[in-house]
1. Could you list all residues from region 25-52 that are surrounded by fewer than 12 Cβ atoms within 10 Å (Cβ to Cβ) and either touching a Pro at 6+ places or on another chain (Cβ under 9 Å) or of a type in the set (Lys, Arg) (or both)?
2. What do you reckon, is Thr10 among the polar types (S, T, N, Q) and in contact (Cβ under 8 Å) with a residue 60 or more places away in the chain?
3. Could you figure out which of (1) modelled with pLDDT of 95 or more; (2) part of a helix (DSSP H, G or I); (3) of a type in the set (Ser, Thr, Tyr) isn't true of Tyr61?
4. Return yes or no: is Asp57 surrounded by fewer than 15 Cβ atoms within 10 Å (Cβ to Cβ) and out of contact with any Cys (no Cβ under 9 Å at 6 or more places or on another chain)?
5. Could you tell me which residue of region 64-82 is surrounded by the most Cβ atoms within 10 Å (Cβ to Cβ), considering only residues that are in contact with an Asp or Glu (Cβ under 7 Å, 6 or more places away or on another chain) and assigned to a helix (DSSP H, G or I)?
6. Checking Trp117 against (1) among the aromatic types (Phe, Trp, Tyr); (2) part of a helix (DSSP H, G or I); (3) at pLDDT 85 or above, only one condition comes out false. Which one?
7. Hey, Thr105 hits all of (1) surrounded by fewer than 15 Cβ atoms within 10 Å (Cβ to Cβ); (2) in contact with a helix residue (DSSP H, G or I) (Cβ under 8 Å, 6 or more places away or on another chain) but one; which does it fall short on?
Amino acid sequence: MSVQIGTPATVMRAHQELFAYWSGLRRGGRLPGRLDVDPAGFKRLLPSVCLIDVQSDPRDYKVRLAGTGLYGVFGGEITGQRLSEIYTPTAAEYWRVELDKIVETGRPGVGYHNLAWRGAAQMTILWLRLPLAANGRNVNMLLGYDTVVGFSGAEASGGRAA
């Protein structure tokens, strides 16, 4: 697996930068929508950015766009794929639970997920997911940022609401 590995401090700065950009788009407590997002506002982060469509009845998640920096993490292009097409069943369930929290609360999520499912237990994704809502209230898309870091002895995965 060929991936670009970041340091935790670099990742945190990138998370802060994207969060500040997203936060600046909020108006009167309303969530920004996809049309509010201008990729030029975070151009240097684009290789590690993804957009995820939130589908309903039943709820599912489909990657609308994945930056080229994520190809090595996932072993190829994941644009257009659902969680079940990208991950093992256990990893897909982890992501469903985490993304459901963000969709239901309208609050950002941040966490880490071990890459053991890709045969790289020594590496972990540090992730950020930011809710987007076309109507300002109901989350219909997620803006994400992922970076791989090398950890040894880390737990399999975790997360917390931002």
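The values are calculated or read from the model by the stated rules, or taken from the named source; none is laboratory data. As the structure is a prediction and not an experimental result, all values here were calculated from the model. Glycine also receives a Cβ, built like all others from the backbone with ideal geometry; neighbour counts cover every protein chain displayed.
1. Scanning region 25-52 gives Arg27, Lys43, Arg44.
2. Details: among the polar types (S, T, N, Q): yes; in contact (Cβ under 8 Å) with a residue 60 or more places away in the chain: yes.
Yes; evaluated as a whole, the condition is true for this residue.
3. Unmet condition: (2).
4. Values: surrounded by fewer than 15 Cβ atoms within 10 Å (Cβ to Cβ): yes; out of contact with any Cys (no Cβ under 9 Å at 6 or more places or on another chain): yes.
Yes; evaluated as a whole, the condition is true for this residue.
5. My answer is Leu70.
6. (3)
7. Just one mismatch for Thr105, condition (2).
Yes/no per residue for (1) touching a helix residue (DSSP H, G or I) at 6+ places or on another chain (Cβ under 6 Å); (2) free of Cβ contacts under 8 Å to residues at least 40 places away in the same chain:
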position: Ile52; (1), (2): no, no
position: Gln55; (1), (2): no, yes
position: Val63; (1), (2): no, yes
position: Thr68; (1), (2): yes, yes
position: Gly72; (1), (2): no, no
position: Gln81; (1), (2): no, yes
position: Ser84; (1), (2): yes, yes
position: Thr88; (1), (2): yes, yes
